[in-house]
1. From Phe57, Phe51, Phe92, which residue is surrounded by 13 or more Cβ atoms within 10 Å (Cβ to Cβ), out of contact with any strand residue (DSSP E or B) (no Cβ under 7 Å at 6 or more places or on another chain) and in contact (Cβ under 8 Å) with a residue 12 or more places away in the chain?
2. Kindly provide the set of residues from the range 465-505 that are acidic (Asp, Glu) and more than 26 Å from the chain's Cα centre (by Cα), ordered by number.
3. So Asp148 passes all but one of these: (1) in contact (Cβ under 8 Å) with a residue 40 or more places away in the chain; (2) among the charged types (D, E, K, R); (3) away from the ligand (no atom under 13 Å from the Cβ). Which condition number does it fail?
4. Looking only at the range 213-232, count how many residues are open to solvent by less than 70 Å² (accessible area, probe 1.4 Å) and either within 16 Å of the ligand (Cβ to nearest atom) or not hydroxyl-bearing (Ser, Thr, Tyr) (or both).
5. So which of Thr79, Thr3, Thr66 is more than 24 Å from Leu238 (Cβ to Cβ) and either away from the ligand (no atom under 14 Å from the Cβ) or surrounded by fewer than 12 Cβ atoms within 10 Å (Cβ to Cβ) (or both)?
6. Which of the helices (runs of 4 or more DSSP H) contained wholly in the range 384-500 include at least 1 residues that are open to solvent by 40 Å² or more (accessible area, probe 1.4 Å) and under 24 Å from Ala345 (Cβ atoms)?
7. Among the residues in the range 360-368, are any open to solvent by 20 Å² or more (accessible area, probe 1.4 Å), in contact with a strand residue (DSSP E or B) (Cβ under 6 Å, 6 or more places away or on another chain) and not in a helix (DSSP H, G or I)?
8. Considering the range 130-160 alone, what residues qualify as being in contact with a Ser or Thr (Cβ under 7 Å, 6 or more places away or on another chain) and among the polar types (S, T, N, Q)?
Amino acid sequence: MSTNAERNVHFRQMQDASLLGGGVERIERQHAAGKLTARERLELLLDEGSFVELDAFVTSRAGDSTDAGEPFLGDGVVTGHGLIAGRLVFVFSQDFTVLGGSLSEACAGKICKVMDLAVSVGAPIVGLNDSGGARIQEGVVALGGYADIFLRNVRASGVVPQLSLILGPCAGGAVYSPAITDFTVMVEGTSYMFVTGPGVVKAVTHEDVDAERLGGAMTHTTRSGVAHLAAHDEPEALDLGRRILGYLPQNNLGEPPRVRTADPAARADVELDSLLSDDPAKPYDMHEVIRRVVDDALFLELQPAWAANILIGFARLGGRSVGMVAQQPAVLAGALDINSSIKAARFVRTCDAFNVPIISFVDVPGFLPGVGQEDGGIIRHGAKLLYAYCEATVPKLTVIIRKAYGGAYDVMSSKHVGGDMNFAWPSAEIAVMGADGAVGVIYRERIAAAADSVGEQARLVAEYEAEFNNPYIAASRGYIDAVIQPSQTRPRLIAGLEMLADKRADSPRKKHGNIPL
Ligand code: HXC
């Protein structure tokens, strides 16, 4: 029988061993590859000293062990809970130093345990991914482990925020866990995600491609839209994770934290009154409008380089979190196309799930015409955005800045799809289509018959613009609650949010809707 002193020594030895993961040599290799270890990442992610580890002594059920024959204590993942800005989060951080962070039955069990705890107490889940995928030696048991995680990702979806930071490889079916979570952040140069790696791609399609092009941060933030943000390095990625969570409640039953701001609610921005050019074809940068309106000019834009004709992201107004959805007239004239519809639809649903009011800044000439868009299914993809806005019950506030044409007027948080407060600037143009197109359709014969067709067309366009290209017909119907001076946008939105703070909305009982996926 050992003494208590001996037991304490043994315990400390085990603790020390578990802190080393795959050992000093593999930690050095991790650093040499420009990556932090699983524990170093947790230190940066969480408030200082707040990490509480669970399952540090779990070992591989297949008997995997170090070169010295000792079991890897904790196996390939570090799990537990901690605080971010004083608020509880659950975390798992895959340890690449232990068999490449590959997912064993034991690893899956550890991850599932923290996910279950997170849902039961209503706190976010942050996954730090750095893994060679399913542990090859464990075969179907490892695959089952992934499926156990996927099921929990789905059950937790819309209940607690889920955030994935991709800090190394994430390959094969493993990519589907981050894909289900609410936000994915990657690191440039050291992280990648793909369903099949370059080798398989070469064998099957004969395409020569490296991991970076196939699934690096640039690919997924500019081409595929899989990731929300790319960070230059790991500390920046971890900081982005903290910032995203700062806009969200702990769970679907809570409210996002309200933050003190020195930016006055009544602040009018007179520059906005002269921001738009008289030439409606001349674009401006919607970022500038957003920055001039929101608290302290802070806008955490998501997916900035993908489908840039629409902007999405978080900001605050009067200290309250808001989700911004705004056309970007500087890209594709702000038209809605397949990718921008998908991007905004997902974000609207994310905001709605987590009680974040949605502010829409509208300047949209319509849906993008073209064979490519129709072939690609703009009808069902555009319907996603329409569906998402109709379904969302959080406060929805809309400002029509300039164009709101055609179906896109309806879609973009109009009064008709449940907009709670709908404002328009005096520059707003709310019509079925632009003047040139409209005149061409309804006066085609008259223009053709005119002695001076060009002059007749110009006269009819001017007449149409005078009659329809304004916000007053919509305002006369109550579709617009108020036409406002651009400089008053911030105070009006903050007053609207204040008024809507206790909004209650009932939806019909159903199992779930059938959003056109
Ligand atoms: C077991 C693995 C492993 C795995 C890596 N290792 N991946 N062990 N199962 N899946 C081990 C290596 O043997 C090595 O062990 C250590 O991790 C580090 O790996 P290296 O290859 O030395 O590292 P690196 O050169 O950085 O390459 C990393 C890698 C490569 C690109 C991830 O290891 C790799 O291609 N691994 C296989 C990836 C894969 O095909 N996984 C299955 C995907 S399918 P030692 O002892 O030398 O340190 C999948 C299905 C999921 O995951 C299904 C869900 C539905």
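The values are calculated or read from the model by the stated rules, or taken from the named source; none is laboratory data. All figures in this text were calculated on a predicted structure; none of them were measured in a lab. In this analysis, Cβ positions are derived from the backbone assuming ideal geometry, glycine residues included, and neighbour counts consider all displayed protein chains. For accessibility, only protein heavy atoms count, side chains too; no ligands or nucleic acids. Shrake-Rupley method; radii C 1.70, N 1.55, O 1.52, S 1.80 Å.
1. Result: Phe57 is the single residue among Phe57, Phe51, Phe92 that is surrounded by 13 or more Cβ atoms within 10 Å (Cβ to Cβ), out of contact with any strand residue (DSSP E or B) (no Cβ under 7 Å at 6 or more places or on another chain) and in contact (Cβ under 8 Å) with a residue 12 or more places away in the chain.
2. Glu465, Glu467, Asp481
3. Going through the list (1) in contact (Cβ under 8 Å) with a residue 40 or more places away in the chain; (2) among the charged types (D, E, K, R); (3) away from the ligand (no atom under 13 Å from the Cβ), Asp148 breaks only (3).
4. 12
5. Sole residue among the options that is more than 24 Å from Leu238 (Cβ to Cβ) and either away from the ligand (no atom under 14 Å from the Cβ) or surrounded by fewer than 12 Cβ atoms within 10 Å (Cβ to Cβ) (or both): Thr3.
6. Helices (runs of 4 or more DSSP H) meeting the threshold: 406-411.
7. yes
8. Ser131, Asn153
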